[in-house]
Amino acid sequence: MTASEPMWQKEMKHLVMDADTLSQQLDIPRTAFIASDFPLKVAAPFLSRIRPRDIHDPLLKQIMPVDAELHKDPRYTADALDERPRNLSPGLIRKYHGRALLIVTGTCPLHCRYCFRRQFAYNENRPSRNQWRSVLNELRHDKNLREIIFSGGDPLSAPDRYLSWLANMVADIPQVERLRIHTRFPVAIPQRVTSELLGWLSCLSLPVVMVLHINHSNEIDQSVITALHKLRHGGVTLLNQAVLLRDVNDNLTAQQNLCERLFAAGVLPYYLHFPDRVQGTTHFSLSVRRARRLYRQMLNHLPGYLVPRLVMEKPGAHAKTLLMPLNE
Ligand SMILES: *Cc1c(COP(=O)(O)O)cnc(C)c1O
Ligand code: SF4
């Protein structure tokens, strides 16, 4: 550990990755955990917001490997979103008009049990700098391209020098108008929002949209609010996508608290994703009917601008599919 190493990198070296530590810290029976090939992983700042001795804590449920993951259902597959055929070259996924998604890194500051890329072929998506150059050269030929999305994994796992190098190459593509970053870092490790990060973001010649991933209002504490404030102050547009998860946030109170707390932190709700049918995630699923009923309640209780779009991902579709509620 060097003196100059930023706090967030120290946190990344000390992620909690074993059930013994977690069960001790939270005073939860060790037997409640299972071993998984998608390993347990959680950063300390996120862990600090989990209530001890509460097996039903909505943040704990997002990160704890439990035996329900072993439940087999043939409708739940490894590549539920059919991303593989859209993974055109290492690091690049193209599904939608005008946008290209880059797998910047496979690393995350925590492992979300419901993650739709939990079985993604990250080992085939580790482009070298030269490979990135050729991916971006290839994208130059798409005259309809308007936006590049940094995704992963969590793109902010990469060092700022690397990210600013990649972002500046993106900004060099004349027809690209925006850079979007999908990240969970401001909630997982708020210290990730450093002056280095803010420095290259504000020097970039493109507007930056950051889509956070926050599922429950308990994820947002004062340190998160401070980090988000810095980003907003740095000119970043902040949006949130959440995943609708059974027993985590599948009720009106949870959704209302989340949307209102997001707004108070300077973030607008963007998407509420109906959970994808990914192997090992059946325990998070709920029926479309229930999702629509909840959504109707949200529309009836929140101002329009605080209601995210309820969407699901259909393989082969040209956009995310809106799940509109049925009128009563
Ligand atoms: C979700 C997604 C996008 C972005 O879609 P928006 O509707 O613009 O948020 C882009 N590329 C891929 C591969 C995606 O899955
Ligand atoms: S941070 Fe994102 S990519 Fe990483 S495990 Fe969670 S949902 Fe998946």
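No value in this document is a laboratory result; all are computed from the given coordinates. Values in this document were obtained by computation on a predicted structure and should not be read as measured data. Note: ideal-geometry Cβ built from the backbone for every residue, glycine included; neighbour counts use all protein chains shown.
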Query raised in the report: In terms of the Cα gyration tensor, with a ≥ b ≥ c the square roots of its eigenvalues, is the chain rounded because a/c is under 1.5, prolate because a/b exceeds b/c, or oblate?
Result: rounded
**Report entry** Spin-label pair ASP18/ALA319, simplified geometry with 7 Å Cα→Cβ offset, distance in nm
**Finding:** 5.0 nm
Query raised in the report: Based on the Cβ-Cβ distance of ARG94 and LYS72, what FRET efficiency does E = 1/(1 + (r/R0)^6) give at R0 = 22 Å, to the nearest 0.05?
Result: 0.10
Query raised in the report: With the dipole of the chain worked out from charges on the C-beta (+1 for Lys and Arg, -1 for Asp and Glu) around the Cα centre, which of HIS71, SER4, PHE120 lies farthest toward the positive end?
Result: PHE120
Requested in this report: Kindly put VAL288, VAL66 in sequence by how many other C-beta atoms sit within 10 Å of each C-beta, fewest to most.
Outcome: VAL288, VAL66
Report task. Give the cross-link partners of LYS72 among the lysines, using a straight C-alpha distance below 24 Å as the criterion and excluding same-chain residues fewer than 8 apart. Result -> LYS41, LYS61, LYS314
Requested in this report: Treat each spin label as a single point 7 Å out from the Cα along the C-beta direction, and report the ASN130 to PHE38 distance in nm.
Outcome: 3.5 nm
Query - Residue order, fewest to most surrounding Cβ atoms within 10 angstrom, among HIS14, HIS283, HIS273 - result: HIS14, HIS283, HIS273
Query raised in the report: Taking neighbour Cβ counts within 10 Å as the exposure measure, how do HIS233, HIS111, HIS182 sort from fewest upward?
Result: HIS233, HIS111, HIS182
Query raised in the report: Which stretch or stretches of segment 44-73 have amide N atoms under 17 Å from the point lying 7 Å from THR31's Cα along the Cα→Cβ direction?
Result: 55, 66-68
Query raised in the report: Under 5 Å between amide H atoms, partner at least 5 residues away or on a different chain: which partners does THR105 have, H built in plane at 1.01 Å?
Result: none
Query - Relative contact order (%) - the chain, alpha-carbon pairs under 8 angstrom, separation at least six - result: 17 percent
Query raised in the report: Looking at VAL209, CYS108, ILE34, which one has the Cα that reaches farthest to the positive end of the dipole of the chain (charges on Cβ: Lys, Arg +1; Asp, Glu -1)?
Result: VAL209
